[in-house]
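S.K.: A single structure is presented below for examination.
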Amino acid sequence: MSYQRMVQDAPKLAAEVQAWFAKAEQTDTAEDAEHGAARRGDEMPDGMANKQRRLARLQEALATLQAEAAAYLGPGRIRHDSTDPTARRVLKRSPLTQAMADKIRRAGRRSRYRLRKQLPEPVFGQTKHARGFRQFLLRGLNKVRTEWAMVCTDHNILKLHKAAS
């Protein structure tokens, strides 16, 4: 920039800077009127700043949730130990669920139900390993159903082809 241009632009820049300061002063005055002169407006809300009040609100909300759950499920359906903060609400098992758990426990480690955890069904193993189908490519339930139908059709056609050979 030449000296002459600097002399010409200096007053313009000074006026622009002065306008910025005036606008900042107006914003500051408006925020003082809104929040008060002693506050900036970006302080933490009172409910969060005071941890004791926050804890009291949390305990109140927890008590409300427990009361709602007890009212919804009925008395004796929730087991909660208030001395243990990690305790979870546990619902009693239904008779059918308890009967299935007993059946699995009685059958021992060779139970059909326990073996299902270890052995993948052959169709799914072949689909994932041999055909490399690890995830769906489309989104949405209808599109996923269509994609799965195509994978199953492919599996069945290959089985028929192998059987015919």
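The values are calculated or read from the model by the stated rules, or taken from the named source; none is laboratory data. Bear in mind the structure is a predicted one, so any value in this text is a computation, not a measurement. Note that each Cβ is placed from the backbone with ideal geometry, even for glycine, and that neighbours are counted across all protein chains shown.
S.K.: ALA56 passes all but one of (1) at pLDDT 80 or above; (2) more than 29 Å from the chain's Cα centre (by Cα); which number fails?
M.R.: Going through (1) at pLDDT 80 or above; (2) more than 29 Å from the chain's Cα centre (by Cα) one by one, ALA56 breaks only (2).
Here is a yes/no grid of residues against (1) among the aromatic types (Phe, Trp, Tyr); (2) at pLDDT below 75; (3) surrounded by 10 or more Cβ atoms within 10 Å (Cβ to Cβ):
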position: ASP9; (1), (2), (3): no, no, yes
position: ALA38; (1), (2), (3): no, no, no
position: ASP42; (1), (2), (3): no, yes, no
position: LYS51; (1), (2), (3): no, no, no
position: THR83; (1), (2), (3): no, yes, no
position: ALA87; (1), (2), (3): no, yes, yes
position: LYS92; (1), (2), (3): no, yes, yes
position: ALA99; (1), (2), (3): no, no, yes
position: ASP102; (1), (2), (3): no, no, yes
